[in-house]
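First comes the structure, then the notes that go with it.
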Amino acid sequence: MGRVSDAKERLMGAVRELIWEGSYGSTTIDQICEKAGVKKGSFYYFFDSKADLAVAAIDEEWGRRRPELDSLFSPTIPPLDRLRRYCDYCYRVQAEIRSKCGCVLGCPLFSLGSEISTQEDRLQKRIQEILDQKRKYLESAIRDAHATGVVHAPDAAAKARTLFAYYQGLLTEARIHDKLEILRDAVRGTYELLGVKGPEPVPT
């Protein structure tokens, strides 16, 4: 098995990769243990079930991603620039993933949440909570953009739900078609959904 000090981390890394590249339903505990180099007995030392492991794994990943989003959506950055930077960030992440595994994988939370929507209640609720937190970043940027007069969005929460659905749709379509180029529409689409007038934004 992996060293005791890192066996838990190996298991979390393995389940993230197996579920994201495959599916939750098709991934077995045996496969997770084999990929992690951890014995099955050690799996049950740390986790009661595959669902418990998945919750821990997405929590750990969210803990790594959240500081990046805090930086992207810093209040010191103009609100429309925050959204543009987020689009660029999503593109870079997917490009790195495609370079590593050979395909576009889209949003792991959205893919997993869609698959288990009628099962694994605790896991599903945690996914919902994290997605809600991610959407709040968009809401804060839209609210500030409205306050500064660059967009008209008096209901920032509703507009954020629309924009978040648009982003997730692009990521899902990019995964289905395995086309990274689909994500290049994100900045333009964001500006159109928000009714931003002016020159076409140039992605960085």
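The values are calculated or read from the model by the stated rules, or taken from the named source; none is laboratory data. If you're wondering where the values come from, they're calculated on a predicted model, not measured in any experiment. FYI the Cβ positions are ideal-geometry reconstructions off the backbone, even for glycines, and counts take in every protein chain you see.
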For this session: Output the qualifying pairs, or none if there are none: Cβ atoms under 8 angstrom, residues six or more apart or on different chains, first residue in region 161-174 and within 14 Å of LEU138 (Cβ to Cβ), second residue among the hydroxyl-bearing types (Ser, Thr, Tyr).
Result: LEU163/THR190; TYR166/THR190
Exercise. Looking at (1) in contact (Cβ under 8 Å) with a residue 40 or more places away in the chain; (2) more than 17 Å from the chain's Cα centre (by Cα), can you tell me which one GLY102 breaks?
Worked result: (1)
For this session: Identify all residues within region 72-122 that are out of contact with any Phe, Trp or Tyr (no Cβ under 9 Å at 6 or more places or on another chain), among the charged types (D, E, K, R) and farther than 17 Å from VAL55 by Cβ; write none if there are none.
Result: ASP81, ASP88, ARG92, GLU96, ARG98, LYS100
Exercise. Consider TYR137 against the criteria (1) surrounded by fewer than 19 Cβ atoms within 10 Å (Cβ to Cβ); (2) under 15 Å from the mean Cα position of the chain (by Cα): it satisfies all of them except one. Which criterion is unmet?
Worked result: (1)
Problem set entry | Residue among ASP81, ASP52 that alone is farther than 20 Å from ILE130 by Cβ and among the acidic types (Asp, Glu) | ASP81
Seminar exercise, completed: In the set SER26, SER42, the lone residue that is under 27 Å from ASP6 (Cβ atoms), of a type in the set (Gly, Ala, Ser) and surrounded by 15 or more Cβ atoms within 10 Å (Cβ to Cβ) is SER42
For this session: Could you grab me the full set of residues in region 40-58 that are within 24 Å of the chain's Cα centre (by Cα) and part of a helix (DSSP H, G or I)?
Result: LYS50, ALA51, ASP52, LEU53, ALA54, VAL55, ALA56, ALA57, ILE58
For this session: Starting from region 42-62, take each residue that is in contact (Cβ under 8 Å) with a residue 40 or more places away in the chain and list its partners that are basic (Lys, Arg), counting only C-beta distances under 6 angstrom and pairs at least six apart or across chains.
Result: VAL55/ARG126; ALA57/ARG16
Exercise. Hey, does region 141-153 have a residue that's closer than 26 Å to TYR24 by Cα, among the hydrophobic types (A, V, I, L, M, F, W, C) and within 19 Å of the chain's Cα centre (by Cα)?
Worked result: no
Exercise. Which residues, counting only those in region 16-29, are modelled with pLDDT under 95 and part of a helix (DSSP H, G or I)?
Worked result: ARG16, GLU17, LEU18, ILE19, TRP20, GLU21
For this session: Count, please, the residues in region 30-39 that happen to be in a helix (DSSP H, G or I), touching a residue at least 12 places away in the same chain (Cβ under 8 Å) and surrounded by fewer than 21 Cβ atoms within 10 Å (Cβ to Cβ).
Result: 2
